[in-house]
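One structure is given below, encoded as structure tokens.
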């Protein structure tokens, strides 16, 4: 155990669980690391957002708002909880644990709750909820959620506590956001109320995270384990991106509603391909570098917010304009 850390007794059974999986992995089944690393991709931020965007742009606007709201609110909650809890990664809690080398580059910052588990259970869980009448497909999606959660344990980057709480966060959002969207659909002005309350609460949360939260600071061999400044920076830029997504959704639904079903299949496929390429390019070359490399917040904040706004408001307005011109 690392000298500077003292772990509560309840963490020991979780470490034992990870050690059991580690022995399986290192002993005989290390070949499964690549498989579980590919599975865990479904919980990364960019892929769920891409799936939500395709539904939003090309399949069903109402369902897309629901899924995009799940992704956005999930990002806000998990990063806020990570800042509050300041829980270290499993290999920091016990020097007997050795995570998969393949997964370490994607497991930075605090550990609780598992962002991958939360994102998968919210977005994939939301899809399962929408398709709940198709029982076989729904069961398959639930199985994928559980597999993603297990992949975080197998790779050694999260404790069972991280994964379970992440799954529960997503599950709670699936039902709460459904109620919220149903309420707003009865009067589209309610989307503006949701946006106003959300923005105020998000700003208050950021004020607390930046100025009032107490961060745990520990050193090993003279190096800080998790830099609070980096954690605060990541939280702020993720909040900016998520708020861009959510505000764009709600403004678009209120002022610029559109129905993807009215477009031809060819046009829907085309807007999905163009939008998907743009989204992946922007996330890969803008979002990821901004999160990994700390730059001025004066630059990062407008870029991240605008990126989210582009996905849910600006891009739909563009293909709506083209549609009107084509009709004219």
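The values are calculated or read from the model by the stated rules, or taken from the named source; none is laboratory data. Owing to the predicted nature of the structure, the values given are computational and were not obtained by experimental measurement. Reconstructed Cβ throughout: ideal geometry from the backbone, glycine too, with neighbour counts over all protein chains shown.
The residues in the range 83-125 that are at pLDDT 85 or above, under 21 Å from the mean Cα position of the chain (by Cα) and assigned to a loop (DSSP other than H, G, I, E, B) can be counted, and the count is 9.
Residues satisfying the criterion are absent from the range 191-203 (criterion: in a loop (DSSP other than H, G, I, E, B), exposed (fewer than 13 other Cβ atoms within 10 Å of the Cβ), without any contact (Cβ under 8 Å) to a residue 12 or more places away in the chain and at negative phi). Quickly run through the range 248-286 and pick out the residues that are within 30 Å of residue 213 (Cα to Cα) and either in contact with a strand residue (DSSP E or B) (Cβ under 8 Å, 6 or more places away or on another chain) or surrounded by fewer than 22 Cβ atoms within 10 Å (Cβ to Cβ) (or both). If the condition is that a residue be within 30 Å of residue 213 (Cα to Cα) and either in contact with a strand residue (DSSP E or B) (Cβ under 8 Å, 6 or more places away or on another chain) or surrounded by fewer than 22 Cβ atoms within 10 Å (Cβ to Cβ) (or both), then 283, 286 are the ones that fit. On the given criteria, is residue 100 surrounded by 23 or more Cβ atoms within 10 Å (Cβ to Cβ), touching a residue at least 60 places away in the same chain (Cβ under 8 Å) and either out of contact with any helix residue (DSSP H, G or I) (no Cβ under 9 Å at 6 or more places or on another chain) or closer than 27 Å to residue 20 by Cα (or both)? For residue 100, the condition - surrounded by 23 or more Cβ atoms within 10 Å (Cβ to Cβ), touching a residue at least 60 places away in the same chain (Cβ under 8 Å) and either out of contact with any helix residue (DSSP H, G or I) (no Cβ under 9 Å at 6 or more places or on another chain) or closer than 27 Å to residue 20 by Cα (or both) - is not met.
Pairs meeting the criteria (first residue in the range 16-45 and part of a helix (DSSP H, G or I), second residue at pLDDT below 85 and surrounded by fewer than 16 Cβ atoms within 10 Å (Cβ to Cβ), beta carbons under 8 Å, at least 6 apart or on different chains) are 33/102; 34/102; 37/102; 40/106. Filtering 299, 290 for residues that are without any contact (Cβ under 8 Å) to a residue 60 or more places away in the chain, within 30 Å of residue 197 (Cα to Cα) and in contact with a helix residue (DSSP H, G or I) (Cβ under 6 Å, 6 or more places away or on another chain) leaves a single hit, 290.
The helices (runs of 4 or more DSSP H) found entirely in the range 208-297 that carry 1 or more residues being at pLDDT 85 or above and over 27 Å from residue 111 (Cα atoms) are 228-255, 265-282.
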